[in-house]
């Protein structure tokens, strides 16, 4: 009886500790919403999402986050365009082309790339890359969308590589050997058999990389130039943009606690959280599919 | 398609894929290389005598007598510069000269009152002296050589006048003599320009060699010493020897920088040769020596990180990370143990797993907002602590941030323990709890440690979560965990973007970020080695 009790009590205690993560997620939501609530109740949410005018200190203040949202999306998409080809090729190279020995050398390099803190990347962007770009390409400012996107691409790469490599490796030998048996070259095998079979995992990796890029603060704050505008023409990467994260980080230090500006920043944080959650669900969906696909084989 | 082409395409593909990995390595080298190179110069560089003086004054380091002897030697080499400039200025600084003449005249007037001369004598002397003074002033102010010479000649007529012998008015004539010597070789028409440019030269010299002897000690520490480093001195020397102009090319076009040798700007004067003298003798004036300034990692710094090191930042970062680890390790390990050992695949566990994944995806800036809203504004006041950013709030925020990393790493480590270990223990009659504590946990410990180190490195580099919860750019060393602290991460940001003063000391900017990167790289290397050793051991090799 005593053993039974201790077992169950112990289990319950362990369970409660394990629930900290749930509690943490709950508290994060609760407190961000709590601080943002007065703003959401008072200001029009439609204007918050569709206006491009972010003038929080004007009279009356204007809180339109569209330009910031576009800025976030802009640098994220450009960085993903840079990162995906390199990431998938690198993943394929590591899983299918090189020997275990070389792989064991390259893996730590990717890990180090992931370990370098974002503020160090931001520092590099401002102090090294920006002056170089300004001089080399004659941009009016070195801190622009291109600079931020390049650095974000480097930061998203390790995530993309490791998740896609896992799922590419999980594609069984049988599939590959069947393809080789039909006379396909390695490239044909990879593009026509392996990558289609591993697509769920690769997509999950890309989405996770996007999450990293959208949520990244220091790099975009330091490297993107912080001008709240929608780039026009849209392909001109040498313009400054401003992202949601950079706005929160940059403005919070200057606001008074409880002011509409402060509340608006929490609302922006909530918006960011919702975007990330949606992306998270997408990545979860693809990860589960990847797992199931792996299980079937 | 012909097989030959297919194979060629395949080969090209292999090369391209290889190139992408090479590109990754290049990116890593390209990011770390310049930063390590330039940051390394914060610690290993050629220090000048000014550096040793600064160390003595700020930190009481070094042999006082030796440094004094060294700086005396340097002073001797520098003396020529100051005397040359002083002399040159004697010819061109007309305001100072006029002031001097006026002062002498006033002094003479006072002196006259004390002597026993008659009123008429005094009046006459006064009028003569006033005339001398006026002519002298016009000589000082004029830019016409003939006019100047005429005025000077007039003044010098009185040289042997017995009335002025041994009186203070003789100073006026001395002034005139000195002036006629000084302006020898100076184009008087350029006097105004000379005056401005010599001021510029003096400013650069102050930066290069420290305040000129005889001037008051500046209030700010950063102005009290000359160039402390040889590379800085070289840069200043360039500024000193080359005059920089921005020239308009035309309307609407950007200005173009033009450099002319400064000696040309002073052509024909004594200053012309000074620049070559400085160039040649700078090593003697500054006495550069290879210096390894390891104390960079323990020293406090002056405002703007102008002098000194990153000691408080390292201390703050370590305090934050270690405290965060103390909070997160128990929760992380217990959660992982529960998820591996006790949990079955049901709805509750799925919710827990989803929460962990969500937590891992939450952007760091949202953690910052959460830390501000929950820990700073809600949690701390609950316990009567002041509601402001502090180490405790920041480290708790970081602990929440790193919880998923910790759980995943521990879970992986516990799962990696072979089933046979547990079965052997259970078969010996040990309870499940006992088995976990005595068998599984020790076997998984290296893996858990790896997770701890990886979380440490992640926490040490995070900036956004501590922005509003306890990091400051400037401030005293914290006395308790209820004080805010400086950190390496926020310091790196602030030095790169926020601090104008820091832009003048690029080696310190890079030094800060390199300290952070090195700290994290060391932690990661340890983690990577530990992990590979653990996997070898568990695989039975």
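A short reminder: the numbers here are calculations on the coordinates, not readings from a lab. Source: prediction; values computed, not measured. Here Cβ is always computed from backbone atoms with ideal geometry, including for glycine, and neighbour counts include all displayed protein chains.
Laid out as a table, the results:
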| item | result |
| --- | --- |
| For the protein assembly as shown, the spread of Cα positions along each principal axis, largest first, Å | 127, 76, 62 |
| Debye log10 I(q)/I(0) at q = 0.15 Å⁻¹ for the range B:319-464, Cα point scatterers | -0.81 |
| Taking B:507, A:199, B:305 and counting other C-beta atoms within 10 Å, the order from fewest to most | A:199, B:507, B:305 |
| The range B:434-473: Cα Rg divided by the 2.2 N^0.38 Å rule of thumb | 1.80 |
| Percent antiparallel among DSSP beta bridges (both partners in chain B, rounded to 5) | 90 |
| Calculated FRET value between residue B:292 and residue B:120, using beta carbons and R₀ = 56 Å, to 0.05 | 0.10 |
| Gyration tensor (alpha-carbon) shape descriptor, the range A:235-297, a/c threshold 1.5 | oblate |
| Two-decimal Rg/Rh across chain B, once Rg and the Kirkwood Rh are taken from alpha-carbon atoms | 1.21 |
| Whether the range A:125-187 is rounded, prolate or oblate, judged on the alpha carbon gyration tensor where a/c under 1.5 counts as rounded | prolate |
| Kirkwood Rh, Cα atoms: Rg over Rh of the range B:83-188 | 1.00 |
| Overall Cα dimensions of the range B:343-418 - principal axes, largest extent first, Å | 49, 25, 24 |
| Cα Rg, Dmax (largest Cα-Cα span) when computed across the range A:93-198, Å | 18.9, 56 |
| 25 °C / 0.890 mPa s Stokes-Einstein diffusion coefficient of the range A:1-84, Kirkwood radius on C-alpha pairs, µm²/s | 142 |
| Angle between chain B longest axis and helix B:230-241 axis [Cα atoms, degrees, rounded to 10] | 40 |
| Spin-label model distance (nm) - residue B:530 vs residue B:326, 7 Å beyond Cα toward Cβ | 1.9 |
| Distance between modelled label sites at residue A:199 and residue A:50, nm, 7 Å Cα→Cβ extension | 3.5 |
| Residue exposure sequence - B:98, B:351 - by fewest surrounding Cβ within 10 Å | B:351, B:98 |
| Inter-label distance for residue B:474 and residue B:134, nm, one decimal - labels placed 7 Å from Cα along Cα-to-Cβ | 5.4 |
| Calculated log₁₀ intensity ratio I(q)/I(0) where the Debye formula runs over C-alpha points of the range A:66-296, q = 0.09, 0.16 Å⁻¹ | -0.44, -1.09 |
| Stretchable slack from residue B:482 to residue B:223, in nm (0.36 nm times residue separation minus alpha-carbon distance) | 89.8 nm |
| Shielding by other protein chains, B:289-300, mean Cβ within 10 Å | 0 |
| Alpha-carbon radius of gyration plus Dmax, which is the widest Cα pair, for the range A:1-153 in Å | 24.3, 80 |
| Over the range B:208-260 - Rg/Rh using Cα atoms and the Kirkwood inverse-distance radius | 1.20 |
| The range B:145-207: C-alpha gyration tensor shape, a/c 1.5 cut-off, then a/b vs b/c | oblate |
